[in-house]
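The values are calculated or read from the model by the stated rules, or taken from the named source; none is laboratory data. Keep in mind that this is a model prediction, so the values were computed, not measured. Here the Cβ positions follow ideal geometry from the backbone for every residue, glycine too, while neighbour counts run over all protein chains shown. The protein model used for the area step is the full one, side chains on, heavy atoms only, and it has no ligands, DNA or RNA in it. Shrake-Rupley method; radii C 1.70, N 1.55, O 1.52, S 1.80 Å.
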Amino acid sequence: MATQSTLKGWLSAARGRLVSAAGVVAEAGTRHRRRAALTEQHRLHFDLLCKAMVDPALAAVLNTYEVDIAPEKQRQYLFANALYTNALYFHRIGALTRRELHGHLRIMCQNRIFQEYWAATQHHRESLPDSSEEAELGQMMDDLMQEQADSDTDEWWVVGAPPEETP
């Protein structure tokens, strides 16, 4: 027959496991809510971009470039933004590692229109806090663009070292 101190020890350990399990469940719920919020925000962002790509009057609201650009070019820039944002979204929800994101961004860097879009929006990224994830990922893209511009090889897929994955 268990002694009272043994029973108290067992109950204390059981209570500790329950508290720990509750913490894990709460953390999973928080991750799920964050992912759902990111999904909804991404959907809204994409819907707004689609409307602007179709309607030049709406696209004019998003024209924050430092030079005037033709409506067709602006639609292309909006689409480039949609592609870039989509890749970031997949990274943020955990569908792409940073290394995989690097590979997707490397491909985007090959397109002349995307390169123009990236240059035209440099001043947008300058307002981001340096410590933000978005600034870090933007810097990764800046580095890729520069490495590819400086490269003397036609094998673009080997230019730019992918980031190390953190466990």
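Would you confirm, using the coordinates I've provided, whether residue 106 is basic (Lys, Arg), part of a helix (DSSP H, G or I) and crowded, with 18+ Cβ neighbours inside 10 Å? Write out each step before concluding.
Working: basic (Lys, Arg): yes; part of a helix (DSSP H, G or I): yes; crowded, with 18+ Cβ neighbours inside 10 Å: yes.
Yes; evaluated as a whole, the condition is true for this residue.
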When (1) part of a helix (DSSP H, G or I); (2) at pLDDT 90 or above; (3) within 30 Å of residue 32 (Cα to Cα) are applied to residue 50, the one that fails is (2)
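Residues of the stretch 88-105 being touching an Asp or Glu at 6+ places or on another chain (Cβ under 7 Å) and of a type in the set (D, E, K, R), which ones? I'd like the intermediate steps shown before the answer.
So the first thing to find is which residues in the stretch 88-105 are touching an Asp or Glu at 6+ places or on another chain (Cβ under 7 Å), and the list is 97-99.
98, 99 - these are the residues of the stretch 88-105 that are touching an Asp or Glu at 6+ places or on another chain (Cβ under 7 Å) and of a type in the set (D, E, K, R).
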Residues to consider are 65, 89; find the one that is part of a helix (DSSP H, G or I) and of a type in the set (Phe, Trp, Tyr).
89
Here the qualifying pairs (Cβ atoms under 8 Å; residues six or more apart or on different chains; first in the stretch 37-49 and within 20 Å of residue 71 (Cβ to Cβ); second of a type in the set (Phe, Trp, Tyr)) come out as 49/79
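If you take the residues of the stretch 63-101 that are β-branched (Val, Ile, Thr) and more than 25 Å from residue 34 (Cα to Cα), which of them is most open to solvent (accessible area, probe 1.4 Å)?
Of all residues in the stretch 63-101, those β-branched (Val, Ile, Thr) come to 64, 67, 69, 85, 93, 97.
With more than 25 Å from residue 34 (Cα to Cα) added as a condition, the list becomes 64, 67, 69.
Numbers: 64: 73, 67: 94, 69: 35 Å².
Per the stated criteria, the residue is 67.
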Which one of the conditions (1) among the small types (Gly, Ala, Ser); (2) open to solvent by 60 Å² or more (accessible area, probe 1.4 Å); (3) assigned to a helix (DSSP H, G or I) does residue 131 fail to meet, given that it meets all the rest?
(3)
For the stretch 24-60 the number of residues that are open to solvent by less than 90 Å² (accessible area, probe 1.4 Å) and more than 21 Å from residue 93 (Cα to Cα) is 9
